[in-house]
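The values are calculated or read from the model by the stated rules, or taken from the named source; none is laboratory data. Since this is a predicted model, take the numbers as computed values, not measurements. Glycine also receives a Cβ, built like all others from the backbone with ideal geometry; neighbour counts cover every protein chain displayed. With ligands, DNA and RNA removed, areas are computed over all heavy atoms of the protein, side chains included. Shrake-Rupley method; radii C 1.70, N 1.55, O 1.52, S 1.80 Å.
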Amino acid sequence: MNRIAPAVLSGLLALMAPVACTSPAKSSTPADSADHPGSTAKLSAPVDVGAKVSDTSATVSLRFQVPGEDVRVEVSGVDGLQVTSSTSPVTGVSVEKAAVTNLDVAFAPGAGRSHLVVTVSGIFQGVPLTKVASFAVGQPTEQQKAEGSVVTDDQGQRIKMMPSSDTK
């Protein structure tokens, strides 16, 4: 045992040496995160996205917080909404800080509630970033229709039984 102890001890010391000599990792997040220590927010393009939505169109407003290059804007629909105007109204442009852009988007809404999705991407302060915003259109009528039946288990928990679809 006396011969094994020094070998184990020297092995542990060899493993600990690199850990003791290293400095703490530096944060690679932008200065924006320094304002909010411990923030776990996902990085996104520095742009405020808003929309005034009507039954068949929307005016989308973009306000850029920092300058950007190769900025692209894509619009699409979810839950049945179909964009009838250009789906890429902005491609590869440069923007300045505080620049405001308004885009008119025409669409055919889906049944019940659907969503207009706006995706802004580009290179901001040397970093490629993207931001996605979604805007509700219509009322959730189709989505509230109940499929299946509700049953109660032995402990009194409500369980919704959904029909399965046989896909072959």
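Pairs under 6 Å by beta carbon, first residue over 30 Å from Thr141 (Cα atoms) in the range 79-97, partner open to solvent by less than 60 Å² (accessible area, probe 1.4 Å) and in a loop (DSSP other than H, G, I, E, B), six or more apart or different chains?
Lys97/Val66
Answer with yes or no whether Ser10 is more than 21 Å from the chain's Cα centre (by Cα), at pLDDT below 95 and on the phi < 0 side of the Ramachandran plot. If you could, list the steps in order and put the result at the bottom.
Numbers: more than 21 Å from the chain's Cα centre (by Cα): yes; at pLDDT below 95: yes; on the phi < 0 side of the Ramachandran plot: yes.
Criteria met by Ser10.
Among the residues of the range 127-153, how many are outside any strand (DSSP E or B), closer than 30 Å to Val105 by Cβ and either of a type in the set (Gly, Ala, Ser) or modelled with pLDDT of 80 or more (or both)? Let's see the steps before the verdict.
First, pick out the residues of the range 127-153 that are outside any strand (DSSP E or B): 138-148, 153.
Then drop every residue that is not closer than 30 Å to Val105 by Cβ, which leaves 138-145.
Among the residues that remain, those that are also either of a type in the set (Gly, Ala, Ser) or modelled with pLDDT of 80 or more (or both) are: 138-139.
Selection size over the range 127-153: 2.
Sort through Gly110, Gly156 and tell me the only one that's within 30 Å of Ala45 (Cα to Cα), at pLDDT below 95 and either in a loop (DSSP other than H, G, I, E, B) or open to solvent by less than 80 Å² (accessible area, probe 1.4 Å) (or both).
On inspection, the qualifying residue turns out to be Gly110.
Restricting attention to the range 36-52, and to residues there that are at pLDDT below 95 and over 17 Å from the mean Cα position of the chain (by Cα), which single residue is least open to solvent (accessible area, probe 1.4 Å)?
Looking at the filtered set, the residue picked out is Gly38.
Does Glu69 satisfy the criteria of being under 12 Å from Val118 (Cα atoms), open to solvent by 30 Å² or more (accessible area, probe 1.4 Å), in contact (Cβ under 8 Å) with a residue 12 or more places away in the chain and assigned to a strand (DSSP E or B)?
Judged against the criteria, Glu69 is not a match.
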